[in-house]
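Below is one structure; the comments refer to it alone.
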Amino acid sequence: LLFSRAFVSVVHHGAHTDVTELQNRRPEPRTPVRVSRSVKREVSHLVLSLFHRGPALMNPGEPEQLSHALHVKETSSSLLLVPSSSWLETHHQAFDGNLSLALSASDASLDFHINPWHVMLLLSGTVIALENALVVAIIIYTPSLRNPMFILIASLATADLLAGMGLILNFVFQYLVSSQTISLITVGFLVSSFTASISSLLAITVDRYLSLYNALTYFSEKTLHYVHLMLVGTWGVSLCLGLLPVLGWNCLDDASSCSIVSPLRRSNLKLLASSFFIIFFLMLSLYFKICQIVSRHAHQIALQQHFFSPSQFVATRKGVWTLAIILGVFGASWLPFALYCLLGVREDPAVYTYATLLPATYNSMLNPIIYGYRNSQIQRSLQMLFCGCLPNRTGYRSRSPSEV
């Protein structure tokens, strides 16, 4: 049959057979008949000879011989040649009249296009999941890391770990198991994870402020009670916001109400963006108060010692720069996407959404570096882990977030 396809190409392009003359030979169309084996052998033999010599070197009379091979009997009115190879590209060549030469095949070529933005989000989610999984494992298996500060860092790492897994699952479900229900669940999972991540950052900021404002009573049961309340509030609010699109607050039934992040409604996305700005301004005000407390403490120490030592100045400046880096990374990562959630419309190009969403995921990639790997106790646990040593069960001296 493959030879027959090549034969048709020769007839139309190499031999220049007069199709119009062939059409006029039959007065009326009739049903196609099966081609006999002898005709197939004859066509195959002629095509093989043409493959060796080329259509330009055909002997005289071969075009008529090829055309004669097509006319099986007087009862045959058309010939249908169907190659069975599924990977062939479909072609249909039909002529009006009683002669019909058609090549048809099932087109199994896959038009599988992957969005490059989805690949970048997948890579970002993979790195986020690996980084934060290591932080969570270290905090769980290190007995000394049990104070409120590390509990909140573990909450942040868990939220970012879930966000990374959500990005990976979103890619898998989008290309393998595409459905509206799975899309709603994935979007709700991502909303809950990123909301928990941002809320955990606010909880860490509150904890740092309390460690400076109530330095004498920080290591008490009251502080641990506050931390548990913040954890319950953080994850409770995040779970509720993630369930809203799943429970019906979506735009599947009304496409005109969709936002730049389908299937979230514009009102839902504006609520999330407004919540981000509230958290951002709370963090900004708390870090400003932290800077004031640190400066006042440094000034009081300098008055007691009658001079401001260079080491104290360096430590104070380092603390201020650390706070500036924390706020700068958080704002640079999330502010573009939050602003676009408020100002963008559904008709805008999708590239704007991806270009602002991708940097937002980098915040979850940098959080374990800022809050985890820079910590001396976590660094010591990492050294034990990679050196193959067992963690020290004696425990380290507990340090407050202000010292960290």
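None of the figures in this text is laboratory data; all of them are computed from the coordinates on show. Bear in mind the structure is a predicted one, so any value in this text is a computation, not a measurement. Positions of Cβ are backbone-derived with ideal geometry, glycine not excepted, and every protein chain shown enters the neighbour counts.
To the nearest 20 debye, what charge dipole does the range 115-387 have about its Cα centre, counting +1 at the Cβ of each Lys and Arg and -1 at the Cβ of each Asp and Glu? Mind showing how you got there, number by number?
Values: 13 positive and 8 negative charges, 159 e Å.
Around 760 debye, computed over the range 115-387.
Could you work out the relative contact order of the range 123-202? I mean the mean sequence separation of Cα pairs under 8 Å and 6+ apart, divided by the number of residues, in percent.
Numbers: 74 pairs, mean separation 29.9, N = 80.
After rounding, I find 37 percent.
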#### Entry: Karplus 3J(HN,Hα) series, Hz, for the range 372-382 with 6.51 cos²θ - 1.76 cosθ + 1.60 (x for Gly, Pro)
x, 5, 7, 6, 5, 5, 5, 4, 5, 5, 5
#### Entry: Integer Hz, Karplus 6.51/-1.76/1.60 couplings in order for the range 202-213, x for Gly and Pro
5, 5, 5, 5, 4, 5, 5, 5, 5, 5, 8, 6
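For the peptides 219-227, 134-142, what is the packing order when you average, over each peptide's residues, the other Cβ atoms within 10 Å and list the highest mean first? All intermediate terms of the calculation are to be shown ahead of the outcome.
Values: 219-227: 14.1, 134-142: 18.7.
Highest mean packing first, the order is 134-142, 219-227.
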#### Entry: Charge sum, other residues only, whose C-beta stays under 10 Å from PRO368's C-beta, Lys/Arg counted +1 and Asp/Glu -1
-1
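What does the charge count around LEU156 come to, taking other residues whose C-beta lies under 12 Å from its C-beta (Lys +1, Arg +1, Asp -1, Glu -1)? Before the final figure, lay out each step's value.
Values: positive: none; negative: GLU131, ASP160, ASP207.
Value of the local net charge: -3.
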### Summary
For the range 115-387, the Cα convex hull volume per residue in Å³ comes to 144
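How do the peptides 149-161, 324-336 rank, highest first, by the average count of neighbouring beta carbon atoms within 10 Å per residue?
Working: 149-161: 24.4, 324-336: 16.6.
Per-residue mean Cβ counts within 10 Å order the peptides as 149-161, 324-336.
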### Peptide ranges 348-354, 377-383 listed from the most packed, as the mean C-beta count within 10 angstrom indicates
377-383, 348-354
